[in-house]
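Contents: one structure, followed by commentary.
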Amino acid sequence: MLTIAISKGRIFADSIPLLAAAGIEPAVDPDKSRLLIIGTNRPDVQLLVVRATDVPTYVEYGAADVGSAGKDVLLEYDSDGLYEPLDLNIARCRMMTAARVGYHPAGQRLRVATKYVKIAQRYFAAQGIQAEIIKLYGSMELAPLVGLADCIVDLVDTGNTLKANGLEPRELIMHISSRLIVNKAAMKMKHAQVTEFIGHLSQFVANA
């Protein structure tokens, strides 16, 4: 059995053509079902529906053989216990800093609100900027508006949420996309099945 960890929402929707390229069709749409283990048209393949931030954990510890996770999630997870053989080139967005429109730092120590603590720490350290990182789990845009932080680090797609809240994107930290990750033991124990799966996805991504 090949077990694939995947999250609901955009990543799942973008993964449907990739799965189809490998001859895999989910039995149900996880966005319309409460099932957490989903069968497919293939008796040797099943899907685990987990939170996006939990995908690396399920794969590293062997509950799933492979999975799809955003590069932002992988950088925050920060483990060498996974293989990352392929950029799936889906769920693309940008990791950026953002601040109030017209805001200019006065050279003081920055206060930065984000849920991407490790990414933010590495970025500001590389820039030689002293930054106090404040971890939040959501509504990042609120932090600069109420004086909790000078700026934020967050994922930006269209930028409409920033604009609606009087913020603007500033520095690009990195481009983000979803990556295929593989359990190291599965790569050995299920080598033929896993490499065949990777091959189908690689061909699809190359021709997309």
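The values are calculated or read from the model by the stated rules, or taken from the named source; none is laboratory data. Quantities reported herein were computed from a predicted structural model and do not represent experimental measurements. Here Cβ is always computed from backbone atoms with ideal geometry, including for glycine, and neighbour counts include all displayed protein chains.
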In the stretch 41-70, the residues that are farther than 25 Å from G138 by Cβ, surrounded by 18 or more Cβ atoms within 10 Å (Cβ to Cβ) and not hydrophobic (A, V, I, L, M, F, W, C): Q46, E60, D65
Top-ranked residue in the stretch 88-114 [being out of contact with any helix residue (DSSP H, G or I) (no Cβ under 8 Å at 6 or more places or on another chain) and basic (K, R); ranked as modelled with the lowest pLDDT]: R109
Extreme residue, surrounded by the fewest Cβ atoms within 10 Å (Cβ to Cβ), among residues of the stretch 88-108 that are of a type in the set (A, V, I, L, M) and under 21 Å from F124 (Cβ atoms): A106
Neighbours by Cβ (under 7 Å, 6+ apart or cross-chain): first from the stretch 111-137, touching a residue at least 60 places away in the same chain (Cβ under 8 Å); second of a type outside the set (A, V, I, L, M, F, W, C): none
Checking Q121 against (1) surrounded by fewer than 16 Cβ atoms within 10 Å (Cβ to Cβ); (2) modelled with pLDDT of 95 or more; (3) under 20 Å from the mean Cα position of the chain (by Cα); (4) under 16 Å from A99 (Cα atoms), the condition it does not meet: (4)
Whichever residue in the stretch 151-208 is part of a strand (DSSP E or B) and of a type in the set (K, R) and, among such residues, is modelled with the highest pLDDT: R179
Residue list for the stretch 143-168, filter: touching a residue at least 40 places away in the same chain (Cβ under 8 Å) and of a type outside the set (A, V, I, L, M): P144, D150, C151, D154, D157, G166, E168
Condition met for S68 (in the same structural domain as I37 (by TED's automatic domain parsing) and under 14 Å from the mean Cα position of the chain (by Cα)): yes
Test: L145 is crowded, with 20+ Cβ neighbours inside 10 Å, over 30 Å from M1 (Cα atoms), among the aliphatic types (A, V, I, L, M) and not assigned by TED's automatic domain parsing to the domain that holds K71: no
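Limited to the stretch 167-203, what total is found for residues that are of a type in the set (G, A, S) and within 15 Å of the chain's Cα centre (by Cα)?
Count: 2.
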Of residues in the stretch 82-121 being in a loop (DSSP other than H, G, I, E, B) and β-branched (V, I, T), the one nearest to L167 (Cα to Cα): V101
Test for M140: is it aliphatic (A, V, I, L, M) and assigned by TED's automatic domain parsing to the domain that holds K8: no
Filter pass, V73 being of a type in the set (V, I, T), crowded, with 16+ Cβ neighbours inside 10 Å, free of Cβ contacts under 8 Å to residues at least 24 places away in the same chain and assigned to a helix (DSSP H, G or I): yes
Evaluation of P169 against (1) in contact with a Leu (Cβ under 7 Å, 6 or more places away or on another chain); (2) surrounded by 18 or more Cβ atoms within 10 Å (Cβ to Cβ) (one fails), failing number: (2)
